[in-house]
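Every number here is computed from the coordinates shown, using simple stated rules; none is lab data. Only a predicted model underlies this, so the values are computations on that prediction, with no experimental measurement involved. Every residue, glycine as well, gets a Cβ built from its backbone with ideal geometry; the counts of neighbours run over all protein chains shown.
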Amino acid sequence: MTLTRTLRTTAATAAVAVLLAAGAAHSTATRYVEKPVILAQTAAEQAFPDAEFGVDPMVTGPVSASFREKQVQADCAAAVWPDVPLGCYPNR
C-alpha cells in the first residue's frame, strides 16, 4: 500500500513538473515578438522625430494672425490624420 501511494505521489509530482516546464517553455518562446514595421512616416513624424508618442496638430494656445492665415492656406480644417500638412503645426 505504501508503494502505491509513493508511486501516485511521484506520478502527480512529475505531471505538475511537466506542466510547469511546458508553460515556462511557451512563455520563453513568445517573449521575443518583433515590433511592427513602419513603412512610411508622415511629414510631421519626420519633422518631429523626438515626439515619442506622435505629433498632435491641435493648437491649444493663442496664435498669431499670420499663423491663422497660414492654417487657412494649408486647409488645415479639412486635413485628415495622418495626412496633416506641416503648415498646420506651429513653429514650422
### Query
Counting other Cβ atoms within 10 Å of each Cβ, which GluC sites (Glu not before Pro) in segment 45-91 have at most 14 and sit in a DSSP loop?
E52
### Query
What distance in nm separates the simple spin-label points at D50 and A77, each placed 7 Å from Cα in the Cβ direction?
3.4
